[in-house]
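Participant: Pasting a structure below so you can have a look.
Every number in this text was worked out from the coordinates using simple rules, so none of it is lab data. Since we're looking at a predicted model, the values are computed, not measured. Glycine also receives a Cβ, built like all others from the backbone with ideal geometry; neighbour counts cover every protein chain displayed.
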Amino acid sequence: MTEAPRQLTLEEWDRRYEQLDQAGLIQPRYGGRLSRHLHDGDYRLAKLRYDNSPAALRLWNFLLTEEDRLREARECGKRVVGTMKDLGTVPVIAYSFSNLVAFYPDGAWWIPCVMELSAGLLEIADSLGIDESFCPVRAMLGAFVTRCHFPVPDLLVCSAGAVCDDFSAIAQRLEDLGHRILWWEVPHRPVPEPNEVSVLLPGGLPAPERQVDLVKSELLRVKEALEALAGTSLDETALHAGIKKANEIRRCLAELRRLVYTAQCCPMPALEMLIAEMLAIHYCSDRDECLRVLEALLSEVRRRIASGVGVLGADAARVFWVNPVADLRAMNLLEACGGRICGTEYLFTHALDAIPQDRPPMEALAATALADPMAGSSRQRAERICRDIGEFGAEAVVVSRIPGASHCALEGWTIQEVVRSKMDIPILEIEVPPVADAAGPGLRTRLEALVETVKRRRRT
Ligand code: SF4
């Protein structure tokens, strides 16, 4: 049942669901009404606005059933790997084994938002000495203590080195609580010296070859631990197949981003796109279904573009967004203020860029891990942001600070400095807490002012 694209409340989605169901909508096993997730305590869902397509319904249901999927995987005899911090590389190795499933406990980041602080995870983190001077990822500690949000993994793997202080401290606290962690190092990525042998990383930045070799040796240790857990060895052919599959997902997502962020009329809202981008990190615990979910979104977007329709007015201000938001509602707010997303940098561009398939697999994965925007300087990160702003034709930038995040204290300033030196577009820096209702009026005023500035500049 095709309907003109628009955004719906949760209540409106229930009515739409009824119509789609009666019209014979075919759904995956995890399908159903979105409102049923309220019974899990996901109260924020009642305050969000959703795209009205069956593809978006499938995306949300896929996201909101991940805990069930992890438990089922364990019941079916699979071993569960908790990968932490590297965002996108270790899962490629883990999913190359047929009996491993990997997820990011870091995803607990969003539980305070989705459950509107009702789960008490931040209070538990407080009681463990990890207070609000840390970023919302501290909710992960509470999730390990309550054991209510994901199964405790059979193996925990965490990247260290060139990562934020917040995560290092929180993961060390987790280890103090008795959860053994396999640490592996991603060193800082320096600019190669003039005569140094260098390697071009996915995303286009160079790195000294010695750094890639170091990360490769670290990843080999991770691979050995995964082999021990899986009870089987992983040969190059299987790993290569895992990379190929990861690239299928990355290519599908790249096309989705290109189409949505460059279309004249926005064909898919910011919130659904944020979730779609996040899927690339660990496939929401089902790699094959992840690809099907993204392909469904891509078909919907292609259909809308071909029909010249979208969810927002064609005059929406084209905004490039930096950093993920702790409160998902902020993405709806941007659109309510007259903006749309045209380009993002959510701290995991290395999980979006294709993994090289013409190099030995472990070397290719090492290059991918080293391309992490956090492994290099804020200036390098800002240069990539400038390149992507140009590619997607954004007219303004929002740098969204994460409360307590150590990297957010100064990086916004560097990003603004670099963007201003290279392009003539307005930049706004805001901070979005996990439940931003109290900050809402202030955020609205500032986003409206940014949108007005963009529209005034179009007239001059
Ligand atoms: S400080 Fe930033 S990079 Fe570190 S865990 Fe928090 S959001 Fe992620």
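Participant: Quick query: amide H of Thr344 versus all other amide H atoms, modeled in the peptide plane; which residues come in under 5 Å with a sequence gap of 5 or more or a different chain?
Facilitator: Result for Thr344 returns Trp321.
Participant: A further question on this structure: Sketch the reach of a paramagnetic label on Arg74 as a point 7 Å from Cα along Cα-to-Cβ, and name the residues of segment 84-110 whose backbone nitrogen lies under 14 Å away.
Facilitator: 101-105
Participant: Given an 8 Å cut-off on Cα distances and at least 6 residues of separation, report the relative contact order of segment 370-420 as a percent.
Facilitator: 52 percent.
Participant: Now a separate question. Using +1 at the C-beta of Lys and Arg and -1 at the C-beta of Asp and Glu, which of Pro441, Leu370, Gly88 has the Cα lying farthest in the positive direction of the dipole of the chain?
Facilitator: Pro441
Participant: Please state the charge dipole magnitude for the chain, taken about the Cα centre, from unit charges on C-beta atoms (+1 on K and R, -1 on D and E), reported in debye and rounded to the nearest 20.
Facilitator: Dipole of the chain, to the nearest 20 debye: 1200 debye.
Participant: May I pose another question? Tabulate in residue order the Karplus-calculated ³J(HN,Hα) for segment 87-98, using 6.51 cos²θ - 1.76 cosθ + 1.60 with θ = phi - 60°, rounded to whole Hz; enter x for Gly and Pro.
Facilitator: Ordered by residue, 3J(HN,Hα) equals 6, x, 9, 4, x, 4, 6, 4, 6, 7, 8, 6 Hz.
Participant: Read phi for every residue in segment 122-137 and hand back ³J(HN,Hα) as whole Hz from Karplus 6.51 cos²θ - 1.76 cosθ + 1.60, θ = phi - 60°, with x for Gly and Pro.
Facilitator: 5, 5, 5, 4, 3, 5, 9, x, 10, 9, 6, 6, 9, 6, x, 5
Participant: Separate question: Can you find, among Gly231, Ala169, Ile111, the residue sitting farthest towards the positive end of the charge dipole of segment 66-234, where Lys and Arg contribute +1 and Asp and Glu -1 at Cβ?
Facilitator: Going by the Cα projections, it comes out as Gly231.
Participant: Over segment 350-460, what is the relative contact order in percent, taking alpha-carbon pairs closer than 8 angstrom and at least six residues apart?
Facilitator: 24
Participant: Each label point is 7 Å from the Cα along the Cα-to-Cβ direction; what then is the distance between the points at Asp213 and Asp235, in nm?
Facilitator: That separation, rounded to one decimal, is 2.8 nm.
Participant: Picking from Ala73, Leu34, Ala139, whose Cα lies most toward the positive end of the charge dipole for the chain (charges on Cβ: Lys, Arg +1; Asp, Glu -1)?
Facilitator: Among Ala73, Leu34, Ala139, the one farthest towards the positive end of the dipole of the chain is Leu34.
Participant: Ok, one more. Past the 27 Å Cα-Cα mark, which pairs from Lys78/Lys245; Lys47/Lys85; Lys216/Lys422; Lys85/Lys216?
Facilitator: Lys47/Lys85; Lys216/Lys422
Participant: Estimate the FRET efficiency between Arg302 and Thr445 by the formula 1/(1 + (r/R0)^6), using the beta-carbon distance for r and 41 Å for R0, to the nearest 0.05.
Facilitator: 0.65
Participant: Work out the length of the dipole vector of segment 66-234 about its Cα centre, built from +1 on the beta-carbon of each Lys and Arg and -1 on the beta-carbon of each Asp and Glu, and round it to the nearest 20 debye.
Facilitator: The calculation lands at about 520 debye.
Participant: Still on this model: Wrap a convex hull around the Cα atoms of the chain, take a quarter of its surface area, and give that in square nanometres.
Facilitator: 21.3
Participant: Taking the Cα of Glu132, stepping 7 Å toward and past its beta carbon, and measuring to each backbone N in segment 321-353: which are under 19 Å?
Facilitator: 325-330
Participant: Can you tell me, using C-alpha contacts under 8 Å and at least 6 residues apart, the relative contact order of the chain as a whole percent?
Facilitator: Computed over the chain, the figure is 18 percent.
Participant: Mind checking the full-extension length gain between Arg420 and Ala228? Use 0.36 nm per residue of separation minus the Cα-Cα distance, one decimal, nm.
Facilitator: Extra length available between Arg420 and Ala228 comes to 64.1 nm.
Participant: Oh, and also: Give me the dipole magnitude in Debye, nearest 20, for segment 335-412 about the Cα centre, with unit charges on the beta carbon: positive for Lys and Arg, negative for Asp and Glu.
Facilitator: Computed charge dipole of segment 335-412: roughly 180 debye.
Participant: Also, I was wondering about something else. By per-residue mean of other Cβ atoms within 10 Å, what is the highest-first order of 346-354, 91-99, 219-227?
Facilitator: So the order, starting with the most tightly packed, is 91-99, 346-354, 219-227.
Participant: With n ≥ 4 as the cut-off for DSSP H runs, can you work out [θ] at 222 nm for the chain, using -39500 (n - 2.57) per run divided by the number of residues, rounded to the nearest 500?
Facilitator: Using -39500 (n - 2.57) per qualifying helix, the result is -15000 deg cm²/dmol.
Participant: Sort 414-422, 20-28, 451-459 for me by packing, meaning the mean count of neighbouring Cβ atoms within 10 Å per residue, highest on top.
Facilitator: 414-422, 451-459, 20-28
Participant: One quarter of the convex hull surface, Cα atoms only: what value does that give for segment 66-234 in nm²?
Facilitator: 11.0
Participant: Let me ask something else about it. May I ask you to compute the full-extension gain from Leu410 to Val152, defined as 0.36 nm times their residue separation minus their alpha-carbon distance, rounded to one decimal in nm?
Facilitator: 89.4 nm
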